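The values are calculated or read from the model by the stated rules, or taken from the named source; none is laboratory data. Predicted model only: the values in this text are computed from it and were never measured. Virtual Cβ from ideal backbone geometry, glycine too; neighbours counted across all protein chains shown.
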Amino acid sequence: MKSTGLVRKVDDLGRIVLPKELRDVFNIEQKDSIEIFREDEMIILRKYKPEGCIITGEWSGQIMNLSGGIKLSYEGAEIISQEIKEKLKSDSLR
């Protein structure tokens, strides 16, 4: 584990401030959700990314789990299908 050398105090409400340098490095913006994990005596924070469709970002509704861990909604599948058809058509015209 790599130390950042940054130390922050916990306030009266149990909050800590993530330094701007870390927020910038991990692309954490205001209103982003953070996952909290515990491992032995460590608290681990990670920017939360719902495991949804890789195309639309949708995570509710029906999501297909494809090979390689790819998650795709039906809308995302339609978008990819259309792009593939257009790509094949343009490649065949060359």
Of the residues in the stretch 65-78, those that are in contact with a strand residue (DSSP E or B) (Cβ under 9 Å, 6 or more places away or on another chain) and more than 17 Å from Lys49 (Cα to Cα) come to Leu66, Tyr74, Gly76, Ala77
*asked:* Can you confirm whether Glu35 is of a type outside the set (A, V, I, L, M, F, W, C), out of contact with any Asp or Glu (no Cβ under 7 Å at 6 or more places or on another chain) and modelled with pLDDT of 90 or more?
replied: no
Across the stretch 1-53, the tally of residues that are over 30 Å from Glu75 (Cα atoms) and part of a loop (DSSP other than H, G, I, E, B) stands at 21
The condition of being more than 21 Å from Leu6 (Cα to Cα) and modelled with pLDDT of 90 or more holds, among Lys20, Lys71, Lys89, Lys85, only for Lys85
